[in-house]
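Heads up, the thing below is written out as structure tokens.
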Amino acid sequence: MTGGAAQGCAGPDMAAWRGILDRLCPMHVLLDARGYIIHAGPTLRKLRPGAPLAGGRFLDRFDLRRPRAVMSMADLMAASGVKLHLRFRDPPATGLKGVLMPLPGGQGAIVNLSFGISILDAVRDYRLTSGDFAATDLAIEMLYLVEAKSAAMEASRLLNQRLQGARIAAEEQAFTDTLTGLKNRRAMDHVLGRVIATQMPFAVMHVDLDFFKAVNDRLGHAAGDHVLQEVARIMIDATRRGKDTVARTGGDEFVILFEGLTDRAALDRVAGRIIGELEKPIRFDGHVCRVSASCGTALSSDYERPVAARIMADADTALYASKWRGRACHTFFSPDLPLPSPPSPQG
Amino acid sequence: MHGMINRAIQGFVTDTYGPERWARMACAAGLGFTDFEAMLVYDVALTPRILNAVCGDLEKPGDEVLEDIGTYLVSHPNAEAVRRLLRFGGVDFVEFLHSLDDLPDRARLAVPNLDLPELELHERAPDRFSLTLRWSLDGFGHVMMGALRTLADDYGALVLLDHQDTEDGREMIDITLIETGFAEGRDFDLGARAG
């Protein structure tokens, strides 16, 4: 009796109920007791304009991914109230989520569907508009948020990219002597530390210009700067590119780090070449500048465990020995050399 | 002030008058740099300073420049994201107007430290609205004037706007809706994301 009453109630009002459901749940489907689609909400109809859903069997149109092994209407009804994961069987196989609730009196069921995470693709694939979503649906807010966040992320990404570029440029500058393009003391400390850590043999040569102060005093700083740039070029030319590190560590002081080289004769030849080239007159603005250089070298092979500060100080001691010997020469460090004691005679 | 605001001013000048013109204004304002970063925060005082420089260089009154900025923000292809995000507010112009109350909160969802003017819409009659604005920066009402005028076009609506300063330091815009379906308007495709 009660079943008949429900049916009597639902019958004449069915059109009214559909109108209400179309508005509240524009993606619902109404199933009959056998699992066939009687009616689909307006948004769902818009998704399959060429293949109307009404009249087809629900499980033939939709592939139920979860729960699995749902083959019949009875299986479907058993999954009532449970979250369903499904997708269209025909392309585009848009993913959907939904929930089924049986109609009273065993007259079938209503399945309400939603896009879930596939909303971004769906909006594009089906050209959906705000009107396709229920007024209470958060889809539009979600789309808004995705778009706003993407714009903000893009702005952040660009900022990070520019900051990264600026950081690299700043680091490059901080390791480079801007006047000569050589490495600076910071870079030299860095490279020396690395070479020591790898336990590779190496030599450190200190080069100090002679008579440079006279050039500066007589012809001015522009001439001095030009000489320093020429000196840098000469040292780069006399050393092995990519292997040796040439740094300007003070006004007219330079340090060359020879990686993997401790051969005294070879190092002596390099020093000789640098001194020889440096002594050639350097022209600047119609004037001739003449400088020379003194060199001192310490070899890692002379130490059981090379320490950066120790080896740098010893190369300096060797350099001062060259100055004492009358400049324009090269000396290897040995423990019997006198310690540098500034001021030297007639610096 | 959030960099997005300053960046919008820069975008307006650069896209309308060219980068050289902007560089000149940045110099006149004594910025010490040329490009604002959208995602950095700047001293509040910088914004009026750069606006002064823009008005001086363009030889236009402030109200006019601000209204031009508003128009630029919702119509220039380089600012398409702004237009799209505003159009998400409603399917027609009236619904859009009602969404303005939520605008600062919506903006904060995407950029938490972005401080936008407080907007309050009052419906005087079905075709008459008044929008009051309050912000740290004076004159934003004129930016809103330009944006509203252009968005009305975008929705295909015909409106009359009137700007006035109220006594308590707020700005107010009177909006009279003459026709909602005046013209075709511009298409708004939910799925077409601004590049």
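Taking max minus min of the alpha-carbon positions on each principal axis, the stretch B:3-59 gives extents of 27, 20, 16 Å, largest first.
Annotation: amide H of B:E171 within the under-5 Å range of B:L133, B:T166, sequence separation 5 or more or interchain, hydrogens built in the peptide plane. Ranking B:V143, A:L278, B:V111 by how far each Cα lies toward the positive end of the dipole of the protein assembly as shown (charges on Cβ) leaves A:L278 at the top.
State to the nearest 20 debye the size of the charge dipole of the stretch A:230-347 about its Cα centre, where the only charges are +1 on K and R beta carbons and -1 on D and E beta carbons.
260 debye
In this structure, the pairs whose alpha-carbon distance is over 20 Å, taken from A:K183/A:K243; A:K243/A:K280; A:K97/A:K149, are A:K243/A:K280; A:K97/A:K149. Taking amide H positions as modeled 1.01 Å from N, with prolines and chain starts lacking one, the residues under 5 Å from A:A328 and 5 or more places away or on another chain are A:A293, A:S294. Over all projection directions, the Cα-based convex hull of the stretch B:49-155 averages an area of 7.3 nm². The trypsin sites (Lys or Arg not before Pro) of the stretch A:41-81 that meet both conditions, a loop assignment by DSSP and at most 15 other Cβ atoms within 10 Å of the site Cβ, are A:R68.
Can you tell me what the convex hull of the Cα atoms of chain A projects to on average, as an area in nm²?
Projected area, direction-averaged: 32.4 nm².
Backbone phi angles across the stretch A:65-70, fed through the Karplus curve with coefficients 6.51, -1.76 and 1.60 (θ = phi - 60°), yield HN-Hα couplings of 8, 8, x, 7, 6, 9 Hz in residue order; Gly and Pro are listed as x. Under the Kirkwood approximation for Rh and a Cα-based Rg, what ratio Rg/Rh is obtained for the stretch A:2-134? When Rh is taken as the Kirkwood radius, the ratio is 0.96.
Compared with the dominant principal axis of the Cα atoms in chain A, helix A:221-238 is inclined by about 80°. For the stretch B:149-156, the Karplus equation 6.51 cos²θ - 1.76 cosθ + 1.60, evaluated at θ = phi - 60°, returns couplings of 4, 6, 5, 4, 4, 4, 7, x Hz by residue, with Gly and Pro reported as x. Under 5 Å between amide hydrogens, built in the peptide plane, is the criterion, and for A:L113 it picks out A:M27, A:H28, A:V29 among residues at least 5 positions away or on other chains. Among the chymotrypsin sites (Phe, Trp or Tyr not before Pro) found in the stretch B:1-109, those both in a DSSP coil and sparsely packed, with 16 or fewer other Cβ atoms within 10 Å of their Cβ, are B:F33.
Output the 0 to 90 degree angle, nearest 10, between the alpha-carbon long axis of helix B:46-58 and the longest principal axis computed from the alpha carbons of chain B. In chain B, helix B:46-58 runs at an angle near 90 degrees to the longest axis.
For the stretch B:119-195, the square roots of the Cα gyration tensor eigenvalues, ordered a ≥ b ≥ c, give a/c of at least 1.5 with a/b no greater than b/c, which places it in the oblate category. For the pair A:T136 and A:R264, label points projected 7 Å from Cα toward Cβ lie 9.5 nm apart. Shielding of peptide A:141-150 by partners, expressed as the average count of other chain Cβ atoms within 10 Å per residue Cβ, is 5.
Across peptide A:112-125, the average count of Cβ atoms from other chains found within 10 Å of a residue's Cβ is 1. Charge dipole of the protein assembly as shown (Cα centre as origin; +1 on each Lys and Arg Cβ, -1 on each Asp and Glu Cβ, all else neutral): 2620 debye, rounded to the nearest 20.
Other protein chain C-beta atoms within 10 Å of residue C-beta, averaged over B:5-15: 0.
Full extension of the segment from A:N160 to A:A222, taken as 0.36 nm per residue of separation minus the current Cα-Cα distance, would add 18.4 nm. Taken over chain B, the convex hull of the Cα atoms encloses 121 Å³ per residue.
Phi angles across the stretch A:192-197 convert, under the Karplus curve 6.51 cos²θ - 1.76 cosθ + 1.60 with θ = phi - 60°, into 3J(HN,Hα) values of 4, x, 5, 5, 4, 4 Hz, Gly and Pro given as x. In this rough spin-label picture, where each label sits 7 Å from Cα along the Cβ direction, the A:Q173-A:L145 distance is 4.2 nm.
Restricting to DSSP H runs of at least four residues, report the calculated mean residue ellipticity at 222 nm for chain A, -39500 (n - 2.57) per run over all residues, nearest 500 deg cm²/dmol. Don't skip to the end; give the middle numbers.
Details: 11 runs with 153 residues, N = 347.
Dividing the helical sum by the residues of chain A leaves -14000 deg cm²/dmol.
When each of the peptides A:330-339, A:117-126 is scored by how many other beta carbons lie within 10 Å of its residues on average, the order from highest to lowest is A:117-126, A:330-339.
By the beta-carbon count within 10 Å of each Cβ, the least crowded to most crowded order of A:D244, A:D60, fewest first, is A:D60, A:D244. Using only the alpha-carbon atoms, how far is helix B:3-17 inclined from the longest principal axis of chain B? Give it as 0 to 90 degrees, nearest 10. Helix B:3-17 sits at roughly 90 degrees to that axis.
Only the coordinates and a few stated rules stand behind these numbers; no lab work does. These numbers come from a predicted model, not from an experiment. Glycine gets a Cβ as well: all are built from the backbone with ideal geometry, and neighbour counts include every protein chain shown.
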